[in-house]
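Scroll down for the structure; my scribbles are underneath it.
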Amino acid sequence: MAAVIRARRRHRQRQRAEIFQLSEPEIIRRYRLTSHAILQLLNQIRDDIEPPTRRSHSIPSVVKLLATLQILVSGSFQTVIASPVGISQPSLSQIFTQVLDALLRRTGQYIHFPTTIAQITDIKQDLFQIANFPNVIGAIDCTHIQTLPPSIHKHIYRNRKHTYSMNVQVICDANMTITNVVAKYPGSVHDSFIFRNSAIYPRLSNGAFGDAWLLGKFICFSGDIL
């Protein structure tokens, strides 16, 4: 057992250093983020995921983050990811939850819909310059994220292409900055249902954004669906 612990410790130390040794294209391919973005993200969540002890067998925060990114990028089982990164599956499960919780606590800093007149005006102007659509404050669409459905109610995750997914609604501005996400509905749920039950829909209906529209792929949304 002691030999196994030492081997895992050495592997984690290698992984902690690898982000500085890999080429930038390889880092992006493996983690879907640049090395700079990974280090920025680590600095922001370090206090939440840093091991409470400095004992040598504790898992460093950078290893926790990289292991979580590998799970998110690959969509693989934790048992598949655990061994290569030198972490047991039960530990990886706890790490995954810990890092995701830290990330979710900070989503509001980056994903927020425009609220001030100045923000709304800037977005309208930026989008108008792209395609001459007036009063548009965002582009909206839904995308299916493939997933392994739970055994209970498995059928509701089956989409129209007969695969299993989550149907995620995303709104972005002219700079491709995501301003709103709804990621709680299974693949069988229709796009229009997600929109009508989102927090954005009643605000548009009540004129919270003035004379403003959301531009979809085939239809426009402004308080109601046309």
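The values are calculated or read from the model by the stated rules, or taken from the named source; none is laboratory data. It should be emphasised that the depicted structure is a prediction, and the values quoted were computed from it without experimental measurement. All Cβ positions, even for glycine, are placed from backbone atoms using ideal geometry, and neighbour counts span all protein chains on display. When the accessible area is computed, the model is the full protein with side chains, heavy atoms only, and any ligands, DNA or RNA have been set aside. Shrake-Rupley method; radii C 1.70, N 1.55, O 1.52, S 1.80 Å.
For the range 83-226, which whole percent of the accessible surface, found with a 1.4 angstrom probe, sits on carbon and sulfur atoms? Here it works out to 58 percent.
Annotation for HIS155 and SER93: the two label points, set 7 Å from Cα along the Cα-Cβ direction, are 2.9 nm apart. On full extension, the segment bounded by HIS190 and TYR110 gains 26.1 nm, given 0.36 nm per residue less the C-alpha separation. Taking the centroid of alpha carbons for each part, the range 54-97 and the range 148-162 are 27 Å apart. Seen from every direction in turn and averaged, the convex hull around the alpha carbons of the range 136-226 projects onto 6.2 nm². For LYS184, the aspartates and glutamates whose Cα comes closer than 17 Å to its Cα, not counting residues fewer than 8 places off in the same chain, are ASP101, ASP141. Loop-located trypsin sites (Lys or Arg not before Pro) in the range 161-210 (DSSP state not H, G, I, E or B) with no more than 16 neighbouring Cβ atoms inside 10 Å: LYS161.
The Cα atoms of the range 63-121 give a gyration tensor whose axes a ≥ b ≥ c have a/c of 1.5 or more with a/b greater than b/c, which makes the shape prolate. Once you divide the Cα radius of gyration of the range 49-150 by 2.2 N^0.38 Å, the number left is 1.58.
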